[in-house]
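Each value in this text was obtained by applying a stated rule to the coordinates, not by laboratory testing. These numbers were taken from a predicted model, which means no experiment stands behind them. Here the Cβ positions follow ideal geometry from the backbone for every residue, glycine too, while neighbour counts run over all protein chains shown.
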Amino acid sequence: MEQGEKKERKLLNNKIYLYMTEFFSGMAIMAVELGASRLLAPYFSSSQIVWTIIIAVIMIAMALGNIYGGRSADKNPNPDVLYRRLIISAVWIAAIPVLGKYIILLISGVLIVTINHNLLIIAAFLACLIIFVMPCFLLGTVTPSLVKYTVDNLDTQGSTVGRLSAFNTIGSIVGTFLPTFITIPTVGTSITFLIFSGIVLILGIIYFIAQKKKFILIIVSTVLYVLCIIFGNSDKFAFWENNLAYEGESVYNYLQVKDDESETILSTNVLFGVQSIRNKDDSLTGMYYDYALFAPLLASKDSDYSDEDVLILGMGTGTYASELKKYLGINNITGVEIDEKIIDISRDYFELEDSIPVVAYDGRAYLSAEKKKYDVIMVDAYQDITIPFQMSSREFFTEVKNHLKPNGIMVLNMNMRSGEKASINEYLSDTVSDVFKNVYYTDVSASLNRELFASNADIRRTNIIDRLKNVRNSELRSFFSEELIFYEKYHVKPKGERCIFTDDKAPVELLGMKVIDEVISDELGYYKAAFKKDGFKGLLEGM
């Protein structure tokens, strides 16, 4: 019996395989965590709130796994138990690309017809709980189990545990960098799950092959993994969409391009919003870009605004830049867009002219490095449905002001609005008014967007009416005349009463999620009616 046991454990005699197990399990945990963020982001955003949910759920699962793994190893110090758990976790992770999207939509659909508030937060939490707790719990059993198998005597206990921790940490580092910079941008989230689950599966299979046992487990797990490869290698998140021209991922975003006879649309979230649009008949979009075209008129001292310098922070696919060139004849346009894939999409699908330069850089970092001053700076920097906090603070808007000419205008797009006190709109407006002398705003018709126009120059209503007459394009002039009887001056509060975002304190995601929750609550009646009439099919079509 003892000889048989020694033979069975030959693979583990020099402990190298145990250290490899620690390394690859640590790598898999981080890959799953990063994969979780990318799986949830197209549905719930990639905000700090969603990240908090992911990290908390996975850490809880691992903590419970640590406790269970230690107790289990004390009761039954047989490595077979651990490697069986690894195989189960590997198959579970491989199944995430197959079933994860359906689980997310099922949870969202159920919550849409059952709750009225905090839909995104609750749905993200439940999805994370159901999809990721089990494999992370099983992987969490690895370290305490390996400590049991590797410690021979108390004299070397510290160094052995230290080596295990080092291997786990190094594996986690590799598991952090590989998905972020290589696998997810290159082959997508689904293949990333399959790659790292495959590594864990191989660990378990090699172990049992060396022991010459559990062949049924090996065969079944291999078959299930192959099935997951066949059915789970798609990078489609909006699997119900049939007319997508492009769907993929970058380092920063989920990207979706819809293309039909009348328009091309870019979205960075499956369920919410349009980030960029191009009308194929070259007409105005009817969206906030059209309203922002008023900024060059405000910045101009006379009827000639064609030679103005415009900087767009958050270029997207270049809708605003294209409109500036077409309707106002402005050629001196520079775009800044952090996502290089969006820049490629702008050229491939949205016909952004090569003559309009786009710099792949963070907007604020670009301002810090750039000395040039502009007549108009458009701030339209959003990642899916969230605002980068560093581009919403007083310090940032001060940087923008310093890059404007004396009559320069900053136009800020707020992609959501609320009438609630101390909302994100009030914070942004107060922050901007704390920096600029004059702040005006307009709400975009049939939209949640609000445009903020800010300048240190005096802008009088009579001047605006005069400048409308100078718009040569009849379509744009008609639009301005009908829609831009907006011109509401923002009421600036006393210094001590202003809600100010700073680099140190800018809870944009909490405030933004609050507005989104308001919007969703208002829309729930529509979805409940769709569910009542057509079931989940009606919900999917409504989304």
| message | For the stretch 145-265, compute the orientation-averaged projected area of the C-alpha convex hull (one quarter of its surface), in nm². | response | 10.6
| 5 angstrom amide H check on TYR246, placed H, neighbours 5+ away | VAL257
| Residue-by-residue Karplus 3J(HN,Hα) for the stretch 355-360, coefficients 6.51, -1.76, 1.60, Hz, glycine and proline x | 6, 9, x, 10, 9, 7
| query | How far is it, in nm, from the label point at VAL161 to the one at SER521 when both lie 7 Å from their Cα along the line to the Cβ? | reply | 4.9
| request: Provide GLU488, GLU337 in ascending order of the number of other Cβ atoms located within 10 Å of each residue's Cβ, fewest first. | output: GLU488, GLU337
| What full-extension length gain, to one decimal in nm, is calculated for ASP74 and ASN332 as 0.36 nm per residue of separation minus the Cα-Cα distance? | 85.8 nm
| field | Helix 16-44 axis, angle to the chain major axis (alpha carbon atoms, nearest 10°) | value | 30
| field | Cut-off 17 Å (backbone N to label point 7 Å along Cα→Cβ of LEU129), residues of the stretch 34-51 | value | 50-51
| request: With runs of 4+ DSSP H residues as the only contributors, calculate the mean residue ellipticity of the chain at 222 nm using -39,500 (n - 2.57) per run, divided by the residue total and rounded to the nearest 500. | output: -18500 deg cm²/dmol
| query | So who's got an amide H within less than 5 Å of the one on THR268, skipping anything under 5 residues away but keeping other chains? H placed 1.01 Å off N, in plane. | reply | GLN275
| task | Determine which aspartates and glutamates satisfy two conditions relative to LYS148: a Cα distance under 14 Å, and not lying fewer than 8 residues away in the same chain. | result | GLU22, ASP74, ASP80
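To the nearest 0.05, how large is the calculated FRET efficiency for ILE230 and LEU106 if R₀ is 30 Å and r is the Cβ-Cβ distance? Show your work: numbers first, answer last.
Working: r = 22 Å, r/R0 = 0.74.
Once the sixth-power term is evaluated, E becomes 0.85.
Once you order the gyration tensor axes a ≥ b ≥ c over the Cα atoms, which shape class does the stretch 283-509 get: rounded for a/c under 1.5, otherwise prolate or oblate by comparing a/b with b/c?
On the way: a/c = 1.44, a/b = 1.11, b/c = 1.30.
Rounded.
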| message | Quick check: the angle from helix 79-112's long axis to the longest principal axis of the chain, C-alpha only, nearest 10 degrees? | response | 30
| query | Order of HIS117, HIS491, HIS403 from fewest to most other C-beta atoms within 10 Å? | reply | HIS491, HIS117, HIS403
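Between ALA446 and VAL187, take the C-beta separation as r, use R0 = 45 Å, and let me know the FRET efficiency to the nearest 0.05. Present the calculation step by step, with values, prior to reporting the outcome.
Values: r = 39 Å, r/R0 = 0.87.
Once the sixth-power term is evaluated, E becomes 0.70.
Given a cut-off of under 8 Å on Cα pairs at least six residues apart, what relative contact order in percent is computed for the stretch 283-509?
Numbers: 418 pairs, mean separation 49.8, N = 227.
It rounds to 22 percent for the stretch 283-509.
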| Degrees separating the helix 215-232 axis from the principal Cα axis of the chain, which is the longest one | 10
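What shape does the chain take by its C-alpha gyration tensor, where a ≥ b ≥ c are the square roots of the eigenvalues and a/c under 1.5 counts as rounded, a/b above b/c as prolate, and the rest as oblate?
Values: a/c = 2.50, a/b = 2.23, b/c = 1.12.
Taking the square roots of the gyration eigenvalues as a ≥ b ≥ c, the chain is prolate.
Over the chain, what relative contact order in percent results from Cα pairs under 8 Å that are six or more residues apart?
Details: 903 pairs, mean separation 76.9, N = 543.
Result for the chain is 14 percent.
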| request: May I have the extent of the alpha carbons of the stretch 181-237 along their three principal axes, as whole Å values ordered from largest to smallest? | output: 39, 23, 10
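Can you tell me, using C-alpha contacts under 8 Å and at least 6 residues apart, the relative contact order of the stretch 2-232 as a whole percent?
Numbers: 285 pairs, mean separation 92.1, N = 231.
Answer for the stretch 2-232 is 40 percent.
Which of the trypsin sites (Lys or Arg not before Pro) found in the stretch 342-446 are loop residues per DSSP with 10 or fewer other Cβ atoms within 10 Å of their Cβ? Before the final figure, lay out the partial values.
On the way: sites: ARG347, ARG364, LYS371, LYS372, LYS373, ARG394, LYS401, ARG417, LYS421, LYS437; in loops: LYS371, LYS372, LYS373, ARG417, LYS421, LYS437.
The qualifying sites are LYS371, LYS372, LYS421.
With a/c under 1.5 counting as rounded, go ahead and sort the stretch 122-188 into rounded, prolate or oblate using the C-alpha gyration tensor (a ≥ b ≥ c being the square roots of the eigenvalues; past the cut-off, prolate if a/b is larger than b/c, else oblate).
Note, shape of the stretch 122-188 comes out oblate.
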| message | Roughly how far apart, in whole Å, are the Cα centres of the stretch 247-261 and the stretch 407-438? | response | 29
| query | Quick one: Karplus J couplings for the stretch 322-337, per residue in order, coefficients 6.51, -1.76, 1.60, θ = phi - 60°, nearest Hz, x for Gly and Pro? | reply | 5, 5, 4, 6, 6, 8, 10, x, 7, 10, 8, 10, 10, x, 10, 9
| Antiparallel %, DSSP beta bridges [both residues in the chain], to 5 | 65
| remark: Between the residues SER197, PHE215, MET62, the Cα farthest towards the positive end of the dipole of the stretch 2-232, that dipole coming from +1 and -1 charges on the beta-carbon of Lys, Arg, Asp and Glu, is from PHE215
